[in-house]
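The values are calculated or read from the model by the stated rules, or taken from the named source; none is laboratory data. What you see is a predicted model; the values in this text were computed from it and never measured. Cβ atoms come from the backbone with ideal geometry, glycine included; neighbour counts cover every protein chain shown. The protein model used for the area step is the full one, side chains on, heavy atoms only, and it has no ligands, DNA or RNA in it. Shrake-Rupley method; radii C 1.70, N 1.55, O 1.52, S 1.80 Å.
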Amino acid sequence: AILQLQACLPRCAGLLISLLLVPAMEQSSPPQSPTKELLRRIAPLLAHQFSMLTISLLTLQPRAQLFMEALSGDTMEVAKYINRGTTLVGLLELFLNPSLGALSDRIGRKPIMLLAPVLVLPLKVAVVLRPSAVVLLWDKVLSDMLRTMGGTTMAYICYADLYQGEGDARTVAEFNTTASALGIVAAPLLSATLLRNRGPRFAYAVSAAIAGVHLVLAHRFLKETLHCRAPSAGELVSAGGPSGTNGRRRQSPILTPVWEFARLFTTNARLRLRAWLFTLHCCLEGKILQDQVSILQLGAGWAAELRSRWTAGFGFAMCLGGMLMQPLKRSLGEHGALSACHAASLLSLLALQQSRFWAALVPVVLAQQRRAASHAWLSVETCRIEQGRGRVVGMIASLRAVVDALTAMMYQRAYSAAVSKGNPFNIFVLPMIIAGLSEILRLRVARDRDVRLANGSERP
């Protein structure tokens with residue numbers, strides 16, 4: 001199926017966009033139909049997210065191959081470099097995310113989105129010229145950080161500018177999941193073709209070229225979204241009188257403490273439950289699990305082209321999951337659908353633990369949809385205590401960065417322990433435990449919601 005997908009990728013992409021984006025807009029948008037101007041703003045944002053993922057994932061398997069060459073084929077050393085890189089990504093995002101969101105509330109979203117391809121371009125060129133282990137490490141760190149901060153995080157902020165309400169928060173997550181899935185499908189297939197015909201350095205050269213084209217097109221077509229919505233009463237300050245028509249937008253301080261995300265756990269019990277559920281889902285994030293799978297595939301002797309095709313299959317499964325989630329929510333409800341995602345996560349991880357890589361892709365269809373719900377719940381609750389959507393998204397992104405850093409270290413220890421016991425695939429026992437804990441916490445969130453519905457303090 002993946003080989004056939006490669007031959008008809010343009011038609012598949014058009015089909016996926018029509019099946020995923022249009023129904024999502026029809027079912028999750030506000031009662032008012034989106035205007036043509038709104039639709040024109042959505043398309044460049046999706047293209048930006050797709051392109052940033054393509055630039056990054058295009059070099060995922062070439063980087064692993066160059067790591068193996070630079071480290072003389074030592075799989076354990078490759079695993080250490082990859083997990084250290086993931087930890088550094090999380091730490092950098094932790095320090096930068098709080099100020100990044102507040103800065104975008106001041107200067108706008110577009111300048112920060114343009115900064116990502118500007119910095120990625122010389123990184124890719126540096127690897128083409130000198131693919132040492134240190135250069136590859138910093139390419140991973142900065143490319144992954146910019147992909148998240150300049151791509152995913154800023155896209156969430158822009159969508160939040162364009163849409164309002166809890167239903168639209170779910171639409172934000174679905175749009176980003178769709179763009180991510182399309183990028184995960186397209187980039188590895190292109191990477192596999194380049195690796196087979198020209199080698200890993202040429203794949204980096206193509207990634208650099210895409211970054212250059214991205215910069216030109218983004219400067220031309222991306223529109224600023226900061227002032228697309230009217231500020232709420234809580235975001236206005238008086239300009240010589242009470243907040244109202246003469247009010248101006250309240251500005252958050254740019255330099256905010258890195259520990260500000262801790263407010264997600266200390267404000268109230270309702271927010272704390274959703275923050276913990278989101279934290280557990282971040283521990284199961286696709287890019288972290290893909291790193292572990294890639295390490296194990298290297299140890300099993302998988303060729304780079306085969307690894308790229310598996311990654312493309314992972315993205316294709318995410319696309320299928322996006323089509324299934326809406327009917328699944330209608331039949332099982334939002335909590336029932338999330339419970340099904342947790343069950344699928346356990347099945348997928350069990351298959352990986354038994355080294356059945358291809359079989360694990362079947363439950364991934366639902367497994368990778370779990371974080372859309374927890375992110376939407378957390379975003380809505382956080383907006384009730386904080387003004388400035390950029391700052392809210394920055395707080396949540398900082399939490400994700402902390403979890404990424406700690407999770408990478410946990411997985412490195414789990415991998416070392418599994419290797420010492422003679423079965424490196426036992427590393428997946430750790431995420432299986434986390435998936436089980438996620439379902440227990442979801443039950444707590446559902447019980448809290450049922451209590452509030454019974455009390456009349458929350459609407460269905």
Task: Heavy-atom SASA rank of 318, 68 (probe 1.4 Å, accessible area, largest first) - done: 68, 318
TODO: Go through 283, 383 and list them by solvent-accessible area, largest first, probe radius 1.4 Å.
DONE: 383, 283
Task: Set of lysines near residue 223 by C-alpha distance (under 21 Å), chain-local residues within fewer than 8 positions excluded - done: 36, 110
Task: Rounded to the nearest 10 Å², the accessible area of residue 56 at probe 1.4 Å - done: 10
Task: Dipole of the stretch 258-326, positive end: most advanced residue of 326, 310, 268 [Cβ charges, Cα centre] - done: 268
Open item on the list: Below 21 Å, Cα to Cα, which lysines can residue 80 reach? Residues fewer than 8 away in the same chain don't count.
Closed with: 140, 287, 421
Open item on the list: Heavy atoms of the protein only, probe of 1.4 Å, neighbouring chains included. What is the accessible area of residue 220 in Å², nearest 10?
Closed with: 150
Task: Heavy-atom accessible area ranking, 1.4 Å probe, most first, across 265, 202 - done: 202, 265
- [ ] Find how many whole Å separate the alpha carbon centroid of the stretch 296-323 from the alpha carbon centroid of the stretch 87-140.
- [x] 25
Open item on the list: Can you give me the solvent accessible area of residue 284 with a 1.4 Å probe, rounded to the nearest 10 Å²?
Closed with: 0
